[in-house]
Amino acid sequence: GCVLVVSVIEQLAQWHNSTVKAAVERLCNYIPGKYQIMCHMLHCIDREMNADVVCHSLRLCKQDPGQPICHLYPPPKKAHDLALDLTDTISVVTLPLLTDVFIFYFPPLQKSTTSFSSLCAFPLLTNLCEKIKYVIRNKLPFEDFDGDKFSTFPTLRGYHWRGRDCDDKNTTVYPGRRPDNWDVKSDSNCNGIWGVDPKDGIPYEEKFCKGSDSHGVVLLGDSAGAHFHIPPEWMTVTQMSAKSFANLPMAFTDELDWPQFSEVTGFLNSTIGGWTDSLYLRLRRRNRCNHRDLQNISQNGGSSRNLLNLMKSLARNQLLDNPAIVIYATIGNDVCNGNHDTLAYMTTPKEMFSNVMQALHYLDSRLPNGSHVILTGLVDGRFLWDNLHDRYHPLGQLNRDITYSQLYSFLNCLQVSPCNGWLTPNETLRNLTSERALQLSNVLKEIARSEKFTNFDVFYMDFPLKQTAEEWRRMGGEPWQLIEPVDGFHPSQIAAALGTSITWQKALHEWPQVLGKENPFNDQIEAIFKDQGGH
């Protein structure tokens, strides 16, 4: 964190030909909120030193005994001596001030540690703190007054993640349920279709949605499914302005995920590049009665093991709700970890089988009859190194001094790499990681072939990375554009949108029963909405 912040500040000073102090003040003006204490930044950074040396000198970065010195930039000559000299010149106020910069640049880290614990010590806040902890642990909406797991608030696991509630004071009203008495008097399933047609006295819900094979869509996934994204303009000084950080509060309260633009549950026009195309949007276009019936039950770091707990936040009633299409997609974390002995920490085929079968049995006890489950295979992550390792990272574009290879090595050294097995120059290790990923995908394929369940059928599909890359090339794009530029690991917005198209075409040709039939009344529904001003 320190290396990132200092790098941005030094590059701002370079780009605008200003002092470091002026660069910090500029950054203060960009970031939302009144953080004036940041503007008393250290004059010592004016020296000809890179961010690694500065951060080690300030003791915000350290070297454990027996461990190498982790550095993002090439080590300067006599870096150790320079660091010692710099440390001697720093006043006692220096470290607290840079710590403030770090804390305000990464507010979730600060909120989740000492300050949160201190606030929770007050008796009047104990219940609120317990609720916050419960929400964070169980990935449920923070603002959910009726407890039906749906919310009218966008972030903090609100309607960016699940269909928007239309009555947060009534636990029997929520997206995805079958209509109550054909919704004659109110909209019990939040799809916007309710009331009675004055021309013939038939309820709109009955007229337009009866027998239409309505289905919701549920994603059980990881950070790729949640659509993890750090805006590159946050650290690319040539693009940086006050507008760059306008989305910072929303991003942090959505855990740096953007499910509202994602491949499975996206429903808003993308503001992070590319375009939004999702399974939910296509199901909604196919049948307007599916409006708002979506749930993105994903988390950063999601794997077949921890998904067993996460999926308990699923909101589906076997007796009252419509069937659902469930996408099970943990595409990397069963082989990805930050441990140096990464192979030893990968999920084994036996463990994969056990975890997935437990998940499917749980779903069988929760999903309405007529549901479908699609198991998605793991990605072949060799694509990452092959297409990024010699390219410049956003932090390195100004001075052409940081490649993705350097970033991966830095993260591996710190033991915080999202995937030691694929983000490495070691080709043998990359191949072994892909070999394990294929083994786990074959487990999923065999489950789909041989296992039967009461309330749903099971299908398997490979993660469509190869087809996505081919399609993007045909459109004139480059493969590296399919990868998130800041973390160099997750699928980009373009990859998500193209992946939707490929998945949809496969389902249309191979499993048409999964998608349901096209509702012949879609145009009439939209016409009525338009006449009523879109309400």
Given 208-216, 390-398, 445-453, the highest-first ranking by average Cβ count within 10 Å works out to 208-216, 390-398, 445-453
Label model pair SER241, GLU471: point-to-point distance (7 angstrom along the Cα→beta-carbon line) in nm is 3.3 nm
For LYS21, counting only aspartates and glutamates whose alpha-carbon sits under 12 Å away and dropping same-chain residues fewer than eight positions off, the answer is GLU10, ASP46
Farthest towards the positive end of the dipole of the chain, among SER57, SER241, THR152 and with Cβ unit charges of +1 on Lys and Arg and -1 on Asp and Glu, lies the Cα of THR152
Note: GLU143 to GLU518 extended length (0.36 nm per residue) minus current alpha-carbon separation gives 131.5 nm
Listed by chain and number, the residues whose amide H is under 5 Å from that of ILE325, excluding neighbours fewer than 5 places away on the same chain and using placed H, are GLY216, VAL217, VAL218, HIS372
Expressed as a whole-number percentage, the relative contact order of the chain with C-alpha contacts under 8 angstrom and at least six residues apart is 14 percent
For ASN426 and THR19, extending 7 Å from Cα along the Cα-Cβ vector and measuring point to point gives, in nm, a value of 4.8 nm
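Determine, for segment 220-529, the count of lysine pairs separated by eight or more sequence positions (or lying on different chains) whose alpha-carbon distance falls under 21 Å.
Counting lysine pairs in segment 220-529 gives 6.
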At R0 = 30 Å the Cβ-Cβ FRET efficiency linking TYR345 and LYS133, nearest 0.05, sits at 0.65
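When ranked by the protection proxy of mean other Cβ atoms within 10 Å per residue, highest first, what sequence do the peptides 425-431, 349-355 form?
The peptides rank, most packed first, as 349-355, 425-431.
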Interchain or sequence-distant (5+) residues whose placed amide H lies within less than 5 Å of the amide H of ILE483 are SER492
So, with points 7 Å from each Cα along the Cβ direction, the ASN29-ARG382 label distance in nm works out to 5.1 nm
Carbon plus sulfur, as percent of the 1.4 Å-probe accessible area of the chain, comes to 54 percent
So the FRET efficiency between ASN399 and ILE69, C-beta based with R0 = 22 Å and rounded to 0.05, is 0.55
Over the chain, the sum of -39500 (n - 2.57) across DSSP H runs of at least four, divided by residue number and rounded to 500 deg cm²/dmol, gives at 222 nm -11500 deg cm²/dmol
Among [x] 1.06; [y] 1.43; [z] 0.99, the value of Cα Rg over 2.2 N^0.38 Å computed for this structure carries the label [x]
Rounded to the nearest 0.05, FRET efficiency between THR271 and ALA527 (Cβ-Cβ, R0 22 Å) equals 0.15
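The values are calculated or read from the model by the stated rules, or taken from the named source; none is laboratory data. On a predicted model such as this, the values are computed, not experimentally measured, just so you know. Cβ: placed from backbone, ideal geometry, glycine included. Neighbour counts: every protein chain shown. Ligands, DNA and RNA are stripped out before the accessible areas are found, and what is left, the full protein with its side chains, is counted by its heavy atoms. Shrake-Rupley method; radii C 1.70, N 1.55, O 1.52, S 1.80 Å.
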